[in-house]
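Asks: One structure, as structure tokens, below. Some questions next.
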Amino acid sequence: MSPSSSARRRILPTAALAATAALLLTGVQYGTASAATSGRDAAIARAQANVASHADLFGFGPGQALVVKDVVTDADGAQHVRFDRTYNGLPVIGGDLVVHQDARGRLRDSSRAKGHNPTVKTTRPAVAAQTSAANALRESENIADATSAPELVVWAADGGARLAWQTTVSGTGKQGQPTGRVVVTDATTGEAIESYDSEHSAAGTGHSEYTGDITIDTTLQANGSYALIDPVRGHTTKDARNLSASSVKASSGTLYTDADNVWGDGRKFSTDRATAAVDAHANTAWTYDYYKNTFGRNGIKNDGKGATVFVHVGTKWDNAQWSDACFCMMTGDGDGTTDPEQVDLDTMGHEMTHGVTSATANLRYSGESGGLNESTSDIFGTMVEFYAHNAVDRGDYLFSDQSTPPWLRRFDKPSLDGSSADCWSKSVGRLDVHNSSGVGNHWFFLASEGSGAKTLDGVSYNSPTCNGSTVTGIGNQKVAKIWYRALTVYMTSTTNYAGARTASLNAAKDLYGAGSTEYNAIAAAWSAVSVS
């Protein structure tokens with residue numbers, strides 16, 4: 001959604017305020033707005049008149065004008081009109097005020113910030129001091145590709161009044177996210193007055209397609225709108241505007257912004273383009289948190305940098321993918337008939353795990369190493385689903401069951417999809433990597449849950465073994481921990497299934513000891529899928 005258009009700014013100079021007050025004194029009433037004047041306009045006019053007739057109360061004097069910022073009307077008709085203040089045309093920082101009036105416009109009370117009755121020479125000084133301060137801020141805050149625009153203001157937030165340069169320094173932060181700082185310096189002396197973030201974190205309400213109503217982390221921008229920029233994890237969610245996947249760059253698309261921080265409509269095949277963005281934004285956060293809280297990994301590349309996430313890629317593109325080139329995640333809108341947007345939890349976790357694999361073992365995307373690459377994404381995408389513990393999209397061993405019902409792949413018996421391998425053979429490396437991944441997925445299920453028939457959280461599974469053995473599982477958290485260490489410490493770009501067995505046994509030995517229950521379960525599960 002786009003932010004609503006800002007209301008037209010209304011400035012009433014002192015002379016006009018005096019005239020309004022005079023009209024009131026001679027008996028002109030504002031009790032009923034004319035057909036050409038809205039209730040909001042009438043409330044503003046009454047408030048302006050109240051300031052004019054109570055100038056001492058509001059600290060309102062020569063050279064000042066008011067800029068309407070907001071109007072709140074209570075159920076009983078009482079109005080609260082908020083103004084910013086200017087002095088000789090310059091914004092007064094700390095000069096804001098609120099007029100509280102009843103339904104008929106009679107003054108009830110007032111609220112005002114410290115900056116009232118500002119009086120200061122407004123001759124425009126040199127900008128050199130402010131430019132120097134902004135440059136220093138860029139360096140100290142590590143803001144890259146920064147731009148800045150100084151604005152001359154009257155600084156009165158501390159109760160005094162002095163000319164100051166206020167500059168917003170915007171650029172790219174440490175995590176690759178859009179960021180900004182405001183720096184204020186005395187326009188005469190160059191003294192630093194204050195600096196603060198120009199963007200603020202906020203908790204938005206998302207009506208998602210796959211995970212129900214959820215809270216998402218957004219950023220309150222300087223213009224008062226909210227953006228799908230996660231200030232904690234650094235990722236940004238954009239609308240690709242149906243640009244093809246091959247054409248998407250990090251700079252492509254449109255950042256999602258919204259006026260009220262409520263996003264999406266919660267419907268599948270939704271016409272509200274923010275609905276898919278809710279899932280994408282939230283599921284990226286869950287993926288980041290899973291890796292961070294489980295393994296201490298700080299982002300995809302372990303460098304704290306957030307990714308860019310694109311939804312609505314292509315036209316009826318029934319797919320999702322990770323791109324190292326743009327360090328971004330791309331999701332399509334499904335086929336428009338049976339498959340909706342590809343933004344469910346395990347799919348998002350799967351694609352972002354491709355980035356983790358690329359940054360670690362970098363398993364080649366062909367042959368057995370390609371199958372291991374896909375299996376790694378299936379495994380950790382599934383673990384993200386278990387980690388999120390979402391009431392709507394519960395953890396299971398059915399991959400992409402939300403966006404590709406009843407499922408795209410399954411772990412207990414991968415061959416049920418008609419193409420994937422349950423057991424290793426010499427021909428496995430010639431399969432498509434999405435099908436040769438079945439051997440790794442089957443191993444993960446057996447090592448986690450064991451062989452045979454069972455029902456887990458309402459889902460029925462029946463996992464056979466290729467050698468007729470019985471396997472007892474050790475739980476998916478332990479197996480995932482072993483697999484992560486194998487991926488990040490022992491595997492290389494050309495690791496095959498036999499190499500994966502060796503790598504995972506080395507990892508199990510490191511974590512739990514040679515000959516431990518965990519070590520033996522890992523070995524038994526590999527043997528059960530014919531990898532020795």
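Asks: Residue by residue through the stretch 271-279, what is 3J(HN,Hα) from phi via Karplus (6.51 cos²θ - 1.76 cosθ + 1.60, θ = phi - 60°)? Round to whole Hz and write x for glycine and proline.
Replies: So the J values, rounded to whole Hz, are 8, 7, 5, 7, 5, 5, 5, 4, 4.
Asks: Further, regarding this structure: Check the straight Cα-Cα distances from Lys305 and name the lysines below 16 Å, setting aside those fewer than 8 residues away within the same chain.
Replies: Here the lysines satisfying the reach criterion relative to Lys305 are Lys174, Lys292.
Asks: Sticking with this one: Measure up Lys268/Lys301; Lys249/Lys413; Lys301/Lys478 against 28 Å on the Cα-Cα distance and list the ones that go over.
Replies: Numbers: Lys268/Lys301 32 Å; Lys249/Lys413 38 Å; Lys301/Lys478 23 Å.
Listed pairs above 28 Å: Lys268/Lys301; Lys249/Lys413.
Asks: How far apart, in nm, are the 7 Å Cα→Cβ label points at Asn88 and Ala514?
Replies: Distance between label points: 8.4 nm.
Asks: Taking Cα centroids, how far is the stretch 55-121 from the stretch 428-460 in Å?
Replies: 67 Å
Asks: Quick check on packing: order 321-333, 256-268, 433-445 by the mean number of other C-beta atoms within 10 Å, highest mean leading. Display every interim value, and only then the final one.
Replies: Working: 321-333: 21.2, 256-268: 18.0, 433-445: 26.3.
With the highest mean Cβ count within 10 Å placed first, the list reads 433-445, 321-333, 256-268.
Asks: Please work out whether the stretch 462-532 counts as rounded, prolate or oblate from its C-alpha gyration tensor, where a ≥ b ≥ c are the square roots of the eigenvalues and a/c under 1.5 means rounded, while otherwise a/b larger than b/c means prolate and anything else oblate?
Replies: oblate
Asks: Same structure again: Please work out whether the stretch 404-532 counts as rounded, prolate or oblate from its C-alpha gyration tensor, where a ≥ b ≥ c are the square roots of the eigenvalues and a/c under 1.5 means rounded, while otherwise a/b larger than b/c means prolate and anything else oblate?
Replies: Working: a/c = 1.65, a/b = 1.19, b/c = 1.38.
Cα axes put the stretch 404-532 in the oblate bin.
Asks: Any idea how far apart Ala259 and Ala453 come out in nm if each label point goes 7 Å out from Cα toward Cβ?
Replies: Taking the two extended label points, one gets 5.9 nm.
Asks: First compute the accessible area of the stretch 258-382 with a 1.4 Å probe, then give the percent of it belonging to carbon and sulfur atoms. Don't skip to the end; give the middle numbers.
Replies: Working: 1580 of 3760 Å².
Carbon with sulfur: 42 percent of the solvent-accessible area.
Asks: Tell me, in nm to one decimal, what length is gained between Asn462 and Thr73 on full extension, where the rule is 0.36 nm per residue of separation less the Cα-Cα distance?
Replies: Working: separation 389, 0.36 × 389 = 140.04 nm, distance 6.21 nm.
Gain on extension, Asn462 to Thr73, equals 133.8 nm.
Asks: Could you tell me which of rounded, prolate or oblate describes the stretch 346-463, using a ≥ b ≥ c as the square roots of the eigenvalues of the alpha-carbon gyration tensor, with rounded for a/c under 1.5 and, failing that, prolate when a/b is larger than b/c and oblate otherwise?
Replies: Values: a/c = 1.87, a/b = 1.22, b/c = 1.54.
Oblate, since a/c reaches 1.5 and b/c is not below a/b.
Asks: What is the calculated FRET efficiency for Leu416 to Ala498, with r their C-beta to C-beta distance and R₀ = 25 Å, to the nearest 0.05? It would help to have the intermediate numbers written out before the result.
Replies: Values: r = 25 Å, r/R0 = 1.02.
It comes to 0.50.
Asks: If I model a spin label at Leu57 and Asp158 as a point 7 Å from the Cα along the Cα→Cβ vector, what separation in nanometres do I get?
Replies: About 3.1 nm separates the two model spin labels.
Asks: Apply the Karplus curve 6.51 cos²θ - 1.76 cosθ + 1.60, θ = phi - 60°, to the phi angles in the stretch 381-396 and return the couplings in whole Hz, x for Gly and Pro.
Replies: Karplus values, whole Hz, x for Gly and Pro: x, 5, 5, 4, 4, 5, 5, 5, 6, 7, 5, 8, 10, 6, x, 7.
Asks: With charges only on Cβ, +1 for K and R and -1 for D and E, what is the dipole size of the stretch 237-287 about its Cα centre, in debye, rounded to 20?
Replies: Values: 6 positive and 6 negative charges, 54 e Å.
Roughly 260 debye for the stretch 237-287.
Asks: Still on this structure, I have one more. Excluding Thr337 itself, calculate the net charge of residues whose Cβ lies under 14 Å from the Cβ of Thr337, where each Lys or Arg counts +1 and each Asp or Glu counts -1. List each step's numbers first, then the result.
Replies: Working: positive: Lys268, Lys316; negative: Asp318, Asp333, Asp335, Asp339, Glu341.
Overall, the nearby charge balance is -3.
The values are calculated or read from the model by the stated rules, or taken from the named source; none is laboratory data. The structure presented is a predicted model; accordingly, all values stated were derived computationally and were not measured. Neighbour counts are summed over all protein chains in view; Cβ atoms, including those assigned to glycine, are modelled from backbone coordinates with ideal geometry. Note: accessible area is taken over every heavy atom of the protein model, side chains too, but ligands, DNA and RNA are not part of it. Shrake-Rupley method; radii C 1.70, N 1.55, O 1.52, S 1.80 Å.
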